[in-house]
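The values are calculated or read from the model by the stated rules, or taken from the named source; none is laboratory data. Because the structure is a prediction, the values reported are computed rather than measured. Don't worry about glycine lacking a Cβ; one is built from the backbone with ideal geometry, like all the others, and counts go over all protein chains shown. In case anyone asks, the SASA skips ligands and DNA or RNA and just uses the protein heavy atoms, side chains included. Shrake-Rupley method; radii C 1.70, N 1.55, O 1.52, S 1.80 Å.
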Amino acid sequence: MNEKQVHKFVQRYLETTDCRIIEKSPAHFHVKLSPRADRDLTNRPFYWSFVDRTGADPETMSMLLVTDKQKYETSINNGGSGNGAAAAPSSQDEAANAALGRSLGYVHGTLHTSMRVPREELHYGSRKLEQLFESAKGGGSYVCLFQEPDKRGIHPHQSTAYTAWLGVNLKIEFACDQKREEIYSIGVSLATGQHIEQFHDRLLELRLTPRLPPNVHIAKNAVSLHKAAAMIEQTMERRLKSYDFNWAVSAAVRLQDELNTIEHYYDPLIQSAEEEHRAAIQEQYERRRNEIRWQYEPRVAVSAINCGIFHLQGIR
Amino acid sequence: MHSTTNNTFKGEMPPAAVSRKLHANADIQFDRSWLHNLQERADRNGPWDDWTMYQLAIEAEQSKLISSFDDLQCMRSLPAFEPMQHQISTARRVLHEMSGRAILADEVGLGKTIEAGLVLKEYMVRGLVRRALILVPASLVLQWVRELNQKFGISAIAQKKEHTWQYDVVVASIDTAKRDPHRDILLGQDYDILIIDEAHKLKNKKTTNYQFVNQLRKKYCLLLTATPVQNNMDELYNLITLLKPGQLGGQSDFAANFVVDKRIPKNEDQLQQALSTVMIRNRRGDGGIQFTKRIVRNIELSLSPEEQALYDAVTSFVRERYDESGGDLSSMLSLVTLQREVCSSRDAVFLTLVNMFKKTSEDSPVRAKIWQLVEVIKGIQANTKAEKTMSLINEMNDKVIIFTEYRATQEYLLQYLRSQQIVAVPYRGGMNRGKKDWMMDLFRGRAQVLIATEAGGEGINLQFCHNIINFDLPWNPMRVEQRIGRVHRLGQTNDVHIYNLCTLGTIEEHIVGLLHEKINLFELVIGELDHILERFEKKDGSIEQKLAKAMLEAGNTSDLRKRIDDLGNSISRVKEEVEAEEPLDASAIHAVMNSIAGQSVEVRP
């Protein structure tokens, strides 16, 4: 993600979590967080459990989110935007802040809410952006959506047929002592069992709403979720079988080499050991073997990033 | 009528995960927890998440996707960090050729910590490491925590209490870790990676440290040491056995194949090859690391008549006490401090005298004598050294660090410089981490002068400054070296100017002479002093004590000079020994070590 993409991402996140944007530029946002975003981003579990237990009105934090540090600082130095609370901290503030941050670890927030608006750099790889990612994942795991019907095509007395689809975004991890990943999006019609690949991209072309539109009827499901999931697994498995497995073959060779090496080390050791020590050495040998398997054993793991039930126009 | 949709989703709950054979060498595992959760929500008709968040979640995953086995992904998440080229290539080799088990044996100062940090970060980014245990000497714990947090954005935490072990990335001292109750906690864990700094301390199989580390369960493992072999070949064998038992064969194979004598290897080529699969050693280029120069100036000063009077008074006071004690050295050491303090500031002496006064019994005649000294102090109006310091500061018109041994002198200098319109900040060992950092930041920013009583301590890197004034000198040469090392290190782009203030006709003159002329302290290769002192002290005891003894026992100035010369000579002898020994003893091992794959790095700061 470059700065622009990060900026766009942050904007959509803030809007969808109902944060109040006090001020923004292409390089920053000054926001008053919504309770929902505050819970996920400010590391204040004790505060929030206090609010939950007492029912007190929550006081959410404001934050200065900088998405393009260079641009933001140039604009500040040119006396551009950034007045009031969002003003760039003076160098002395910054030094004090840096020292505070170091002695307290990375807990921003609670300590100086009242003092000034904490500033966060949101570059790719930064911890705050990672928190946004986590928050998005936590709040975007399971959906149930309906396609909005074409306005033109609607006949007031005619009901449009919809099909329910199971859509899943899968992450496939190919791992041994090294690792790579793929993302795979697949949809299965619960009416007919047919499946579509790159399902997520298709969804992005549609307008989706959580509410059931009027004059719509949904085709009877012939396939259970369980069945559909099994079909997805089969499809994935078939597909993955055709992959290049050289990585796994060479990892298996490395694994065997390593096992041989330690066998060569431990075998004579165990044989020549005195009776009272033998068990301990044997145990250590087992531990080493397990470590090596843990390290090298080639494996493929498939898990879902998120999934949902999508009701789409037409019967397919 | 539409509510019927939900009923059709009903189904039995699936198992959480299944595993099947996908290929002769690889199983496939399907995680089905998502299906379980989706089913549950379908049955209850909610709660459902937001469509935009759903899209953001997948975009986040796409941006983090690890699309290939063998590139270095972590760099794109560290935009502000530029490791050196040899550090990157070392990290790559550990990841791709050594499968994450390696000895990082770079020579001092080439950044082993950075290399380990890169490897750790890469594994974390790839999701291959979550739990990491980093064992280091106690004095380096905080430095590691800071480097990992600041340079690598890794939330590492310093181990403080028992519950700290629950965190994912913990830095701890090995001596704490191996003790109860920590020991059992650690042995009960599976660590994705274990990193050990200063790993040469694990050279002996019989130590509890070695046995403890050997029992830890880990997937990847990095051992960091600049000196994988110090004395004999077995050390090397033991170290590698921690990492990969059998890599050099069984103990007897190793002895038969690679060892002539415990210090002399054979079949060097094969040994080197075998080592190259588990060890990377980057070396300084032929010219050594291109450190900038140290320019040392001894500034000789004459005490003002008032100061000289105090020095003489204190000297005879000390001598009297020594004679009274009948030559009992141990109780006299603190007295010698008095003489050194006179050379620093009247404030320093005064404080010590007041404390001494309080400790002396009320009817003791010594009390009156102490009081006489205090009277002499009152006569002193100016500090010769401080005035000289002021003129040096004006002359260089640049940032400068002033080191002193005494708190009282530090306070005095702060005031004095303030009265001269110079912005100065203090730094001392007793400050907590946050305050130290703050002082460092102030010095980097507004203050022209840092006045420090402590040179050791972790993590103060002051490469942006290249002037040091030794207001007074410690008697322990290692501490002098530490002072200079704060400034004269990798990353220093200027020649470093060192000014030693030295009052003539005092003990100080002898000390400067010893350190500068005899030990040639200021021009030693980094790391060499360590070696020499260790050797010297094993034989003769600490230099500080020897100096104090010479001070007290010497009848007159020329006797003192002779004693200090003797001391200098015996240090010189050790130095020659050390230098001469190296090629005889360990040349063959070192030849092997030096041909271990790695780069020759010309570091031009």
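Overview of values
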| item | result |
| --- | --- |
| Residues that are assigned to a helix (DSSP H, G or I) and either surrounded by 21 or more Cβ atoms within 10 Å (Cβ to Cβ) or at pLDDT below 85 (or both), drawn from segment A:104-127 | A:Leu104, A:Thr110, A:Leu111, A:His112 |
| Unmet requirement for B:Ala26, which otherwise passes all of (1) more than 27 Å from A:Arg12 (Cα to Cα); (2) more than 7 Å from every other protein chain (Cβ to nearest Cβ); (3) without any contact (Cβ under 8 Å) to a residue 24 or more places away in the chain | (2) |
| Subset of segment B:434-446 that is at pLDDT 80 or above and surrounded by fewer than 17 Cβ atoms within 10 Å (Cβ to Cβ) - its residue that is nearest to B:Arg489 (Cα to Cα) | B:Arg444 |
| Test: residue in segment A:217-224 that is in a helix (DSSP H, G or I), without any contact (Cβ under 8 Å) to a residue 40 or more places away in the chain and facing chain B (nearest Cβ under 9 Å) | no |
| Residue count, segment A:1-32 (criterion: away from every other protein chain (no Cβ under 14 Å) and crowded, with 21+ Cβ neighbours inside 10 Å) | 5 |
| Test result for B:Val376, of a type in the set (A, V, I, L, M), outside any loop (DSSP other than H, G, I, E, B) and open to solvent by 20 Å² or more (accessible area, probe 1.4 Å) | yes |
| A:Arg207 being more than 26 Å from the chain's Cα centre (by Cα) and within 28 Å of B:Ala57 (Cα to Cα) | no |
| Subset tally (residues that are within 8 Å of another protein chain (Cβ to nearest Cβ) and either more than 18 Å from B:Leu187 (Cβ to Cβ) or crowded, with 18+ Cβ neighbours inside 10 Å (or both)) for segment A:260-308 | 23 |
| Helices (runs of 4 or more DSSP H) completely within segment B:31-122 that count 1 or more residues being modelled with pLDDT under 90 and under 30 Å from B:Thr292 (Cβ atoms) | B:85-96 |
| Tally, over segment A:185-202, of residues that are within 11 Å of another protein chain (Cβ to nearest Cβ) and assigned to a strand (DSSP E or B) | 1 |
| Qualifying residue in segment B:82-94 (condition: farther than 27 Å from A:Lys171 by Cα, open to solvent by 50 Å² or more (accessible area, probe 1.4 Å) and touching a Gly at 6+ places or on another chain (Cβ under 6 Å)) | no |
| Odd one out for A:Leu166 among (1) modelled with pLDDT under 95; (2) open to solvent by less than 10 Å² (accessible area, probe 1.4 Å); (3) within 21 Å of A:Ala230 (Cβ to Cβ) | (1) |
| Elements of type helices (runs of 4 or more DSSP H) in segment B:290-369, at least 3 residues being open to solvent by 60 Å² or more (accessible area, probe 1.4 Å) | B:305-325, B:346-359 |
| Count - residues of segment A:228-258 that are surrounded by fewer than 16 Cβ atoms within 10 Å (Cβ to Cβ) and assigned to a helix (DSSP H, G or I) | 12 |
| Segment A:134-146, residues that are facing chain B (nearest Cβ under 7 Å) and open to solvent by less than 10 Å² (accessible area, probe 1.4 Å) | A:Ala136, A:Gly140, A:Val143, A:Leu145 |
| Residue in segment B:160-167 that is on the phi > 0 side of the Ramachandran plot and at pLDDT 85 or above present | no |
| Matching entry among B:Thr225, B:Thr176 (being away from chain A (no Cβ under 13 Å), open to solvent by less than 10 Å² (accessible area, probe 1.4 Å), under 23 Å from the mean Cα position of the chain (by Cα) and of a type in the set (Val, Ile, Thr)) | B:Thr225 |
| Of all residues in segment B:478-517 being crowded, with 18+ Cβ neighbours inside 10 Å and basic (Lys, Arg), the one that is nearest to B:Tyr311 (Cα to Cα) | B:Arg483 |
| Which listed residue is over 24 Å from B:Ala57 (Cα atoms) and either of a type outside the set (Ser, Thr, Tyr) or more than 14 Å from chain B (Cβ to nearest Cβ) (or both), from A:Thr54, A:Thr60 | A:Thr54 |
| Residues located in segment B:130-140, provided they are open to solvent by 10 Å² or more (accessible area, probe 1.4 Å) and either modelled with pLDDT of 95 or more or not in a helix (DSSP H, G or I) (or both) | B:Arg130, B:Arg131, B:Pro137 |
| Verdict on A:Val10 being in contact (Cβ under 8 Å) with a residue 12 or more places away in the chain and assigned to a helix (DSSP H, G or I) | yes |
| Residue among B:Val136, B:Val129 that alone is more than 9 Å from chain A (Cβ to nearest Cβ) and under 17 Å from the mean Cα position of the chain (by Cα) | B:Val136 |
| Checking B:Asn257 against (1) assigned to a helix (DSSP H, G or I); (2) touching a Gly at 6+ places or on another chain (Cβ under 9 Å); (3) open to solvent by less than 30 Å² (accessible area, probe 1.4 Å), the condition it does not meet | (3) |
| Meets criteria (surrounded by fewer than 16 Cβ atoms within 10 Å (Cβ to Cβ), modelled with pLDDT of 70 or more and not small (Gly, Ala, Ser)) for A:His157 | yes |
| Which numbered condition B:Ile401 misses (of (1) open to solvent by less than 30 Å² (accessible area, probe 1.4 Å); (2) out of contact with any Cys (no Cβ under 7 Å at 6 or more places or on another chain); (3) not in a loop (DSSP other than H, G, I, E, B)) | (2) |
| Selection status of B:Tyr220, open to solvent by less than 10 Å² (accessible area, probe 1.4 Å), touching a residue at least 12 places away in the same chain (Cβ under 8 Å) and within 15 Å of B:Ala274 (Cα to Cα) | no |
